[in-house]
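What follows draws every value from the coordinates through simple rules; no lab data is involved. Just so it is clear, the model here is predicted, and its values are computed rather than measured. Cβ coordinates were reconstructed from backbone atoms using ideal geometry, including for glycine residues, and neighbour counts include every protein chain displayed.
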Amino acid sequence: MSDLKLTPTLVAMLERIERHSGAILMLAVTASGGGEYGKLNKLRGAGYVVKCDHPRVTEGAWPAEALAITEAGRTALADHRAELAKKKGRHRPGDKRVIFRRDGERYIVFLGDDRIGFVRRADNGTWNHVDTTMAHSGYAKTRKRAGELLRRRYERMVREGVI
């Protein structure tokens with residue numbers, strides 16, 4: 001298997017070729033400096049795509065080539081998708097969600113049944129978060145991020161035995 005790192009543009013190109021299930025026509029030469037052609041060369045070098053015969057290649061005025069995805073390309077794409085799915089599903093099923101309940105101008109933050117702090121909107125648009133012990137506070141860009149920070153602090157305090 002190749003050590004090619006699938007960047008978002010390479011993944012998009014592989015997906016586009018895979019979507020057409022047979023062969024897809026691509027311009028053989030793009031603007032100087034590589035562009036798409038350089039990316040195709042990376043995919044070819046890794047064995048993810050191959051040049052194949054296609055009747056319409058010679059029809060147009062622009063030089064084109066027909067490309068098909070190889071088994072190695074399908075495997076690399078499947079591995080990439082599995083890795084993304086694994087990253088998205090990092091939370092364990094037993095994890096509790098952060099819940100916000102409005103109380104006047106602030107939101108009380110709960111983790112399951114445990115109250116872990118509160119967040120409120122500051123004048124400058126950020127979200128101020130304070131834990132239940134009143135020992136820690138900070139600012140975050142979004143309410144969700146403030147809740148995540150409170151959750152991390154709460155879980156650390158539980159691990160250390162403070163709570």
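Looking at the range 133-146 only, could you name the residues that are assigned to a loop (DSSP other than H, G, I, E, B) and exposed (fewer than 14 other Cβ atoms within 10 Å of the Cβ)? Let's see the steps before the verdict.
Just the residues of the range 133-146 that are assigned to a loop (DSSP other than H, G, I, E, B), to begin with: 133-136, 141-142.
Correct list: Thr133, Met134, Ala135, Lys141, Thr142.
Only one residue in Val119, Val162, Val130 is more than 17 Å from Val98 (Cα to Cα), not in a helix (DSSP H, G or I) and not small (Gly, Ala, Ser). Which one? Don't jump to the end; show me each part of the working.
On the way: Val119 fails: more than 17 Å from Val98 (Cα to Cα); Val130 fails: more than 17 Å from Val98 (Cα to Cα).
Residue meeting the stated conditions: Val162.
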